[in-house]
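First comes the structure, then the notes that go with it.
The values are calculated or read from the model by the stated rules, or taken from the named source; none is laboratory data. Fair warning: this is a prediction, and the values are worked out from it, not measured in the lab. Here the Cβ is made from the backbone with ideal geometry for all residues, glycine too, and neighbour counts use every protein chain on show.
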Amino acid sequence: MPANSSDVVHIAVISTFPPRRCGIATYSRDLCATLGQLPGMAVRVAAIDEPGAERSYPHQVVWRVNDQDASGYLRLADELADWAHVVLIQHEYGLFGGAAGDSILQLLEAASIPMVTTLHTVLSRPEPAIRRVTDAICARSAAVIVPGPRSEAVLRMTYRTGPARVVQIPHGISEVSSTPPVGNDQFLLLGFGYLGRNKGVENALAAMPYLIRRHPQLRYRVVGDHHPTEVRLLGDAYPSRLRWLAEQLKVSDRVEFIQRHVSDAELSQMLGEAAICVLPYVDVEQAVSGTLVRALGAGRAVVATGFRHARELADQGAVHLVPMRDPKAIAEAVELLLSDSYYRQRLEDRARTISGEFRWPQVARRYEQVLREIAIPASA
C-alpha cells in the first residue's frame, strides 16, 4: 500500500462508461484518461450496466455491475479491496438501482477502503428517499465533490454532510478551437448535447419567427442524439415533437436537426462555425452542464436560462441569462448579441478567460490532490 505522495495510488472509479452513452460516462472517460496520465496514479473502472446490457468495454473497465443486482455491489466491494487504495464514485440518482439509487449504499457500507463521491446533482427540495440516500452518501464518504459554490451551499443547508470534506471541482473540458465565426456563420445559433425534454429546445424554436423577421439569414442548428434513457421510456416522441413544432412555426427551412452522436472533432468544428450557443434548459436545479462549459471553452457567447450552473457562470460575467420557458426573452437576448458586437465580444473574451480552469489537466490535478489526501493516510 502507498506510504507517501510519491507512490502509485490505485484509484477505482465507479461510473457508467463508454460505449454507454450518457453525460456521466463521457465525463468519467475524460477524467480517467487524464488522471491516468499523471505520475503515480493508476486508474481502473467499475462500469454500471442496465439489465440486459451487452457492451464491449475498453481495457480500463475491469469490473462490471448490473445496477439492479444488489449482491453485485457487495461482490464489487470485496474485489475493490484487493486492488484499490481509494474509490471514486460518480453519482447520479438515475444510475444505481433501488429507491433513489440506494443500492450504491450497500457498497459504501461494505467497503473497507476510503470512498470519495462526486455528486453531479444536489437537489434543494429532495423527496424523502433522495434526502436519505444523499445523507447516507455523505456519512459514508471521506470526501464529497460538488461542481460549484451553489451546489455546495445547497448541500450544506439541505443535507447532513457529517464529517465528510466538501470540495468544489468544476466540470472538465478538452482543448477545443476558439476561432471566431466568419462570414454568414455570424448568424448561426447552436444547441448541442443529448436531446431530452429538460433541454427546452421548443422555447428556442418559438423564438425563431421573431428572429428570422429581423435577420432573414439566421439559422438554428440542433445537434445531438436523443438521450438513451428517454428513448427507452418514451420512444422518439420529443425529437418528433420538435420537428412538428418547427413546421407549425414555419421555420423548418431555417432549423437543422442533426440527431446523431457527433465526434469531438466534428463538434469542435460546429462550435467554431456558430455565433451564439443557446441553452434553453428547463430544470432550474441542473448543477452541471458539460454542454455549457464546452461552449465557453470554445469562446462562444452563450444565452442560457437560469439553471444553477448557468447562474454560477453568469456571476462571473460569461453567460447572458434569460428566464425559463420564455421564447420572447430568448429572442430579445439573441437579438441583443447579434446587434451589439461589443457585448458579444465581451462575453466571448470572458468565456475564454474563465474556461481555463475547466481544462481536464487542471481538473484532474484537483482530483489528484483530494484522492491522495484521502488514500494515503488510510493506507499508510
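Glu285 fails exactly one of the following numbered conditions: (1) in contact with a Lys or Arg (Cβ under 9 Å, 6 or more places away or on another chain); (2) surrounded by 18 or more Cβ atoms within 10 Å (Cβ to Cβ); (3) not aromatic (Phe, Trp, Tyr). What is the number of that condition?
Exception for Glu285: condition (2).
If the Cβ limit is 6 Å and pairs must be 6+ apart or interchain, which residue in the stretch 125-146 that is touching a residue at least 40 places away in the same chain (Cβ under 8 Å) and farther than 13 Å from Tyr159 by Cα pairs with which residue that is among the charged types (D, E, K, R) and surrounded by fewer than 23 Cβ atoms within 10 Å (Cβ to Cβ)?
Ala143/Arg165; Val146/Glu152
What is the residue count in the stretch 132-158 for residues that are under 22 Å from the mean Cα position of the chain (by Cα) and part of a loop (DSSP other than H, G, I, E, B)?
Selection size over the stretch 132-158: 3.
If the requirement is being part of a strand (DSSP E or B) and more than 21 Å from the chain's Cα centre (by Cα), which of these qualifies: Ala12, Ala42, Ala53?
The conditions single out Ala42.
Give the stretch 1-25 a look and list any residue that's modelled with pLDDT under 80 and within 19 Å of Ser112 (Cα to Cα), or say none.
Those that are modelled with pLDDT under 80 and within 19 Å of Ser112 (Cα to Cα): Met1, Pro2, Ala3.
Which condition from (1) at pLDDT 95 or above; (2) more than 21 Å from Ile24 (Cα to Cα) is the one that Tyr238 breaks?
In the conditions (1) at pLDDT 95 or above; (2) more than 21 Å from Ile24 (Cα to Cα), Tyr238 misses (1) alone.
Only one residue in Arg64, Arg21 is part of a loop (DSSP other than H, G, I, E, B) and charged (D, E, K, R). Which one?
Details: Arg64 fails: part of a loop (DSSP other than H, G, I, E, B).
Of Arg64, Arg21, the one residue that is part of a loop (DSSP other than H, G, I, E, B) and charged (D, E, K, R) is Arg21.
Right, His309: touching a Ser or Thr at 6+ places or on another chain (Cβ under 6 Å) and buried (at least 18 other Cβ atoms within 10 Å of the Cβ) or not? Before you say what the answer is, go through the steps one by one.
Details: touching a Ser or Thr at 6+ places or on another chain (Cβ under 6 Å): yes; buried (at least 18 other Cβ atoms within 10 Å of the Cβ): yes.
The answer is yes for His309.
From the list Ala375, Ala314, Ala333, pick out the single residue that is of a type in the set (A, V, I, L, M, F, W, C), surrounded by 15 or more Cβ atoms within 10 Å (Cβ to Cβ) and at pLDDT below 95.
Details: Ala314 fails: at pLDDT below 95; Ala333 fails: at pLDDT below 95.
Result: Ala375 is the single residue among Ala375, Ala314, Ala333 that is of a type in the set (A, V, I, L, M, F, W, C), surrounded by 15 or more Cβ atoms within 10 Å (Cβ to Cβ) and at pLDDT below 95.
For the stretch 204-229, which positions are out of contact with any strand residue (DSSP E or B) (no Cβ under 8 Å at 6 or more places or on another chain), free of Cβ contacts under 8 Å to residues at least 40 places away in the same chain and either among the polar types (S, T, N, Q) or surrounded by 15 or more Cβ atoms within 10 Å (Cβ to Cβ) (or both)?
Gln217
Taking the stretch 236-285 as the region of interest, how many residues are without any contact (Cβ under 8 Å) to a residue 60 or more places away in the chain, in a strand (DSSP E or B), of a type in the set (Val, Ile, Thr) and over 15 Å from Tyr194 (Cβ atoms)?
Residues that pass the stated criteria total 1.
Any idea which of Asn184, Asn203 is in a helix (DSSP H, G or I) and either modelled with pLDDT of 95 or more or within 27 Å of Glu357 (Cα to Cα) (or both)?
Values: Asn184 fails: either modelled with pLDDT of 95 or more or within 27 Å of Glu357 (Cα to Cα) (or both).
On inspection, the qualifying residue turns out to be Asn203.
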